[in-house]
């Protein structure tokens, strides 16, 4: 539900998608939130946005992964750095986390991840294949994807408290 301000028009659906896409492209951390046994938890992870999902590497034993997989749902947020209330903008989302097991999809995600986070190559011996097996061996991680089922874009530049549902597909 969005507050309506008659003095300024709301962004169109296309403008909202564009603003959300720009935010996703420019940021690098998504905070995943889960809960189990009446205990909430949040964890920031590096991500690449690939095929309508936030893809990240994580140890399968971490609390955010185990709770998200066991509970079948998670929430997430991405936001731009802000030092003034007028600069606050971000995404609030709910959805699910899944293990990425397809080799072709994983290779595409790894390629995007290395492009976005080029410093990761420093952890590997030059000339070695940087595939899922290399990541699993080096970091003891698996590849996961948070896929939002509901997303809201919020932006105080539009007006204080602006928040509207947005399609990320």
*From 106, 134, 151, which residue is surrounded by 15 or more Cβ atoms within 10 Å (Cβ to Cβ) and over 18 Å from residue 50 (Cβ atoms)?*
134
*asked:* Quick check on the range 62-80. Is at least one of its residues outside any strand (DSSP E or B), out of contact with any strand residue (DSSP E or B) (no Cβ under 9 Å at 6 or more places or on another chain) and over 22 Å from residue 131 (Cβ atoms)?
replied: no
*Please state which one of 100, 141 is surrounded by 17 or more Cβ atoms within 10 Å (Cβ to Cβ), touching a residue at least 24 places away in the same chain (Cβ under 8 Å) and under 30 Å from residue 16 (Cβ atoms).*
100
_Looking for something within 19 Å of residue 44 (Cβ to Cβ) and in contact with a strand residue (DSSP E or B) (Cβ under 8 Å, 6 or more places away or on another chain) - is there at least one such residue anywhere in the range 101-108?_
no
*Consider residue 113 carefully, then state whether it is in contact with a strand residue (DSSP E or B) (Cβ under 6 Å, 6 or more places away or on another chain), surrounded by 18 or more Cβ atoms within 10 Å (Cβ to Cβ), touching a residue at least 40 places away in the same chain (Cβ under 8 Å) and in a helix (DSSP H, G or I).*
yes
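The numbers here are math on the coordinates, done by the rules we state, and not lab data. If you're wondering where the values come from, they're calculated on a predicted model, not measured in any experiment. All Cβ positions, glycine included, derive from the backbone under ideal geometry; neighbour counts span all protein chains shown.
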